[in-house]
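A short write-up of the structure that comes next.
The values are calculated or read from the model by the stated rules, or taken from the named source; none is laboratory data. Worth saying up front: this structure is predicted, and the values here are computed from it rather than measured. Virtual Cβ from ideal backbone geometry, glycine too; neighbours counted across all protein chains shown.
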Protein chains: 4
Amino acid sequence: MADDGVLTPEQAARIRASFESQTMMTTLGARMTGIAHGEVRIEAPILPGSRQQRGFAHAGLSFSIGDSAAGYAAVSVVPEGHDVLTSEMKIHLLAPAKGDLLVATGRVIRAGRRLVIVQADVHALEDGRTSHVAFMTGTMIPIAAS
Amino acid sequence: MADDGVLTPEQAARIRASFESQTMMTTLGARMTGIAHGEVRIEAPILPGSRQQRGFAHAGLSFSIGDSAAGYAAVSVVPEGHDVLTSEMKIHLLAPAKGDLLVATGRVIRAGRRLVIVQADVHALEDGRTSHVAFMTGTMIPIAAS
Amino acid sequence: MADDGVLTPEQAARIRASFESQTMMTTLGARMTGIAHGEVRIEAPILPGSRQQRGFAHAGLSFSIGDSAAGYAAVSVVPEGHDVLTSEMKIHLLAPAKGDLLVATGRVIRAGRRLVIVQADVHALEDGRTSHVAFMTGTMIPIAAS
Amino acid sequence: MADDGVLTPEQAARIRASFESQTMMTTLGARMTGIAHGEVRIEAPILPGSRQQRGFAHAGLSFSIGDSAAGYAAVSVVPEGHDVLTSEMKIHLLAPAKGDLLVATGRVIRAGRRLVIVQADVHALEDGRTSHVAFMTGTMIPIAAS
């Protein structure tokens with residue numbers, strides 16, 4: 001973890017570059033809209049191609065952006081030259097994800113040398129109203145970037 | 001649950017039709033390649049657009065096809081006229097998902113009136129070799145189809 | 001759920017009586033120290049008989065009081081004449097549970113007709129200092145009390 | 001992991017000694033009844049002091065013996081001089097745990113250098129019949145024994 005708990009511009013740039021290289025995020029139309037030390041926000045529209053059988057967002061969309069938000073929150077606190085892999089993640093789907101946009105916020109709960117424990121919340125925006133559609137808790141493993 | 005534990009052709013047809021209506025599955029290139037009473041198999045190539053920062057399949061791909069496989073396994077055992085929603089799902093990522101194809105097999109562990117407990121395994125195929133890349137356990141809620 | 005989101009004295013009395021009938025809580029030395037609509041607190045000393053191989057509280061102690069706290073938080077919001085059963089629960093153990101006392105706080109995240117989604121946090125108190133040792137998320141099923 | 005995948009008598013003895021030092025297991029009346037490379041079995045009676053409000057075994061009993069069984073399964077595959085701590089564990093409760101005895105079987109799913117992924121099943125025995133009452137999946141962290 002950075003000594004001072006502050007995200008440097010270099011770290012932020014590396015996180016953005018890594019996110020840009022996740023083609024799954026491009027496929028889902030996702031954008032990274034917030035980066036801080038220990039917290040990252042990713043947004044995605046509910047595209048016509050991201051739905052389940054009832055026309056709501058597929059659980060996989062909430063999971064994907066929540067997982068990436070939580071993962072990059074973890075990256076923001078691990079030593080330079082490391083990124084992370086998801087070891088496990090649990091998602092609770094609280095309400096149907098319908099509307100225009102999903103916003104996932106990932107946060108670090110506990111940063112250890114070997115594991116980073118994370119959580120994420122996903123909200124749906126519809127006609128200016130916000131609803132809490134999912135929350136996630138998981139385990140990220142820091143690994144030396146190749 | 002069907003009295004005789006056998007999937008009727010009508011149920012299989014409804015499950016296939018519902019799967020076809022999940023646009024997320026089309027986006028990910030997924031196909032349903034097996035349906036039985038309490039067990040469903042879904043396969044997806046690791047498309048160029050389904051990857052994370054290291055070029056492996058994004059956790060969201062394994063999750064998405066595993067969630068759908070587990071969900072349709074649940075649909076195969078709930079009363080006619082019902083489908084299911086995912087309430088919660090945990091995924092363990094056991095190894096990097098690399099290769100040509102991911103195969104998710106969802107199974108019903110316990111079918112109750114109000115909840116169906118499910119699991120799924122995801123394997124990756126690469127050059128004819130198979131590796132176990134993820135397993136999932138979760139809770140599906142039967143709901144009357146509209 | 002109570003119309004007004006307020007716990008009645010009758011509900012509180014029923015929750016306390018049910019808690020008193022959980023002999024596991026007595027075995028672990030646990031006491032219910034707070035009840036509100038949607039939130040319940042349970043405390044337990046780290047008894048000599050509640051430990052793992054290193055002398056810290058066994059994960060089963062944190063789980064047991066966290067599960068009961070989350071469960072009674074759910075009971076506080078379900079209709080009269082119902083209690084709940086745990087369907088599933090995930091616990092993250094954040095730090096060794098050492099000290100004099102564990103305090104578990106359970107909260108309702110989403111109360112539905114068929115499921116109540118809950119979480120719990122467990123803190124350890126040692127020499128006047130508090131540390132966050134566990135957090136849990138889970139699913140409770142309301143059932144008509146016999 | 002032992003090169004030959006065989007549990008040595010020394011390892012088995014260390015595992016038994018560590019289990020004996022978990023006072024929580026003594027409190028719950030638990031005994032270790034099987035040890036192999038990557039698999040451990042722990043049994044416990046449903047004592048009068050281990051129950052929830054309906055007289056069934058408290059979820060904390062199933063969790064405690066399942067967690068210890070999974071943990072010692074992990075210990076059986078980590079390098080000599082290490083034990084493990086539970087990082088996270090999810091339990092699904094499939095049926096009320098009633099009867100005379102609970103039997104938890106823990107197994108290693110994937111043993112890595114930094115993490116060991118485990119699962120456990122808990123069965124209840126009542127009048128000679130067996131029912132599957134819980135299954136668990138979790139993450140153990142190997143640590144150098146002090």
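Key figures for this structure:
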read-out	value
Residue count, segment C:4-29 (criterion: among the hydrophobic types (A, V, I, L, M, F, W, C), outside any helix (DSSP H, G or I) and within 14 Å of chain D (Cβ to nearest Cβ))	1
Conditions (1) without any contact (Cβ under 8 Å) to a residue 40 or more places away in the chain; (2) more than 9 Å from chain A (Cβ to nearest Cβ): number failed by B:Gly60	(2)
Residue check for A:Asp121: more than 14 Å from chain B (Cβ to nearest Cβ) and charged (D, E, K, R)	yes
Single residue of D:Leu101, D:Leu115, D:Leu125 found to be surrounded by fewer than 19 Cβ atoms within 10 Å (Cβ to Cβ), in contact with a strand residue (DSSP E or B) (Cβ under 6 Å, 6 or more places away or on another chain) and free of Cβ contacts under 8 Å to residues at least 40 places away in the same chain	D:Leu125
Every residue from segment B:85-98 that is surrounded by 24 or more Cβ atoms within 10 Å (Cβ to Cβ) and either more than 7 Å from every other protein chain (Cβ to nearest Cβ) or hydrophobic (A, V, I, L, M, F, W, C) (or both)	B:Met89, B:Ile91, B:Leu93, B:Ala97
Index of the failed condition, C:Phe19 passing every other in (1) under 11 Å from the mean Cα position of the chain (by Cα); (2) modelled with pLDDT under 95	(2)
Of all residues in segment C:30-57 being among the basic types (Lys, Arg) and more than 10 Å from chain D (Cβ to nearest Cβ), the one that is surrounded by the fewest Cβ atoms within 10 Å (Cβ to Cβ)	C:Arg31
Residue check, D:Gly49 more than 17 Å from D:Gly66 (Cα to Cα) and at pLDDT below 95	no
